[in-house]
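Following: one structure in structure tokens, then a few remarks.
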Amino acid sequence: MNLAFRNHWINLLNKAATGTKKTRTLLTPVGVFLFGAFTALFVVAAMFVDRLLNLPRLLPEGARLPVSVPLIAAGLAVTAWSALHFLKVKGTPVPFNPPPQVVNTGPYRCARNPMLSGVFLFLFGIGFMANSASLVFFFTPLYVLINIWELKKIEEPELIKRLGVEYIEYRDNTPMFIWSQKTWSSGAGQSQSAMP
């Protein structure tokens, strides 16, 4: 990606994130719609590819629900829990209207992007529920990779620009998605064990 183009997107995101409350509020539903449409596109594409290629079913009929429901439920629970911690500090999950500070409570003590971890679980669950080989083995992994790229190249540089050293310390001590047994403790400047 061209550095100038990337910097343009970082600056645009930063301008929205630091704009007036009215602007951020107006952009929030736009961000929700774009994220939802982007995510749904992967599900629709997978269903199309499965039919086009006549891909085999992943699971026998009786196994779909026992495999998919726990993944979907866990994904929704983690996503909701994560969003709640953003709302507590008067922010939203939408990068146009983010929290005004580093959120390192709840699931954010163990991972920097637990909300996306929840969405990934949800997509895998939908893939198993729909018996979609392409959603489980191609489109969801592609979705994960695109999100990692976007976080690394756009969102995290914007967070550093807006939140500075506090975010850098948090980033350097907290995994991106996979929950760690160590948790970040703000103010202490070090990781602590999540296990009692």
Take the stretch 94-114 and flag every residue that is assigned to a loop (DSSP other than H, G, I, E, B), touching a Pro at 6+ places or on another chain (Cβ under 9 Å) and farther than 16 Å from ARG171 by Cβ. VAL94
Looking at this structure, is LEU59 aliphatic (A, V, I, L, M), farther than 30 Å from ASN173 by Cβ and outside any helix (DSSP H, G or I)? yes
How many of the residues in the stretch 1-32 are exposed (fewer than 11 other Cβ atoms within 10 Å of the Cβ) and more than 13 Å from PRO98 (Cβ to Cβ)? 7
Please go through the stretch 33-47 and give me each residue that is loosely packed, with under 13 Cβ neighbours inside 10 Å, closer than 15 Å to PHE138 by Cα and small (Gly, Ala, Ser), ordered by number. ALA40
How about the stretch 21-47: which of its residues are closer than 21 Å to GLY125 by Cβ and either in contact (Cβ under 8 Å) with a residue 40 or more places away in the chain or basic (Lys, Arg) (or both)? VAL32, PHE35, THR39, PHE42, VAL43, ALA45, ALA46, MET47
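Among the residues of the stretch 146-178, write down those that are hydrophobic (A, V, I, L, M, F, W, C), under 14 Å from the mean Cα position of the chain (by Cα) and in a helix (DSSP H, G or I).
First, pick out the residues of the stretch 146-178 that are hydrophobic (A, V, I, L, M, F, W, C): 146, 148-149, 151, 154, 159-160, 163, 165, 168, 176-178.
Remaining after also requiring under 14 Å from the mean Cα position of the chain (by Cα): 146, 148-149, 151, 154, 176-178.
Selection gives ILE146, ILE148, TRP149, LEU151, ILE154.
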Within the stretch 23-41, which residues are of a type in the set (Gly, Ala, Ser) and within 14 Å of the chain's Cα centre (by Cα)? GLY31, GLY36
Residue pairs meeting the criteria (Cβ under 7 Å; at least 6 apart or on separate chains; first free of Cβ contacts under 8 Å to residues at least 24 places away in the same chain, in the stretch 140-158; second in a helix (DSSP H, G or I) and among the charged types (D, E, K, R)): GLU156/ARG171
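Is it fair to say THR20 is farther than 25 Å from THR105 by Cβ and β-branched (Val, Ile, Thr)? Break it down into steps so the answer makes sense when it comes.
Values: farther than 25 Å from THR105 by Cβ: yes; β-branched (Val, Ile, Thr): yes.
Considered against the rule, which asks whether it is farther than 25 Å from THR105 by Cβ and β-branched (Val, Ile, Thr), THR20 comes out as yes.
Is it the case that some residue within the stretch 4-14 is in contact with a helix residue (DSSP H, G or I) (Cβ under 7 Å, 6 or more places away or on another chain) and outside any helix (DSSP H, G or I)?
Pass one, the stretch 4-14, residues in contact with a helix residue (DSSP H, G or I) (Cβ under 7 Å, 6 or more places away or on another chain): 6, 9-10, 13-14.
Still in the running and outside any helix (DSSP H, G or I): none.
No - not one qualifying residue is present in the stretch 4-14.
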Failed item in (1) without any contact (Cβ under 8 Å) to a residue 60 or more places away in the chain; (2) over 25 Å from PRO141 (Cβ atoms); (3) in a helix (DSSP H, G or I), with PRO70 passing the rest: (2)
Give the stretch 98-137 a look and list any residue that's surrounded by 21 or more Cβ atoms within 10 Å (Cβ to Cβ) and among the small types (Gly, Ala, Ser), or say none. ALA111, SER117, GLY118, GLY125, GLY127, SER132, SER134
Restricting the search to the stretch 48-69, which residues are surrounded by 15 or more Cβ atoms within 10 Å (Cβ to Cβ) and either within 19 Å of PHE122 (Cβ to Cβ) or aromatic (Phe, Trp, Tyr) (or both)? ASP50, LEU58, LEU59, ARG64, VAL67, SER68
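If you check THR105 against the conditions, is it without any contact (Cβ under 8 Å) to a residue 60 or more places away in the chain, of a type in the set (Val, Ile, Thr), more than 20 Å from ILE154 (Cα to Cα) and in contact with a His (Cβ under 9 Å, 6 or more places away or on another chain)? Reasoning before the result, please.
Numbers: without any contact (Cβ under 8 Å) to a residue 60 or more places away in the chain: yes; of a type in the set (Val, Ile, Thr): yes; more than 20 Å from ILE154 (Cα to Cα): yes; in contact with a His (Cβ under 9 Å, 6 or more places away or on another chain): yes.
Yes, satisfied.
Here, each number is a calculation from the coordinates, and none is a lab measurement. Values in this document were obtained by computation on a predicted structure and should not be read as measured data. When we count neighbours, we look across all protein chains shown, and the Cβ atoms used for this are built from the backbone with ideal geometry, even at glycine.
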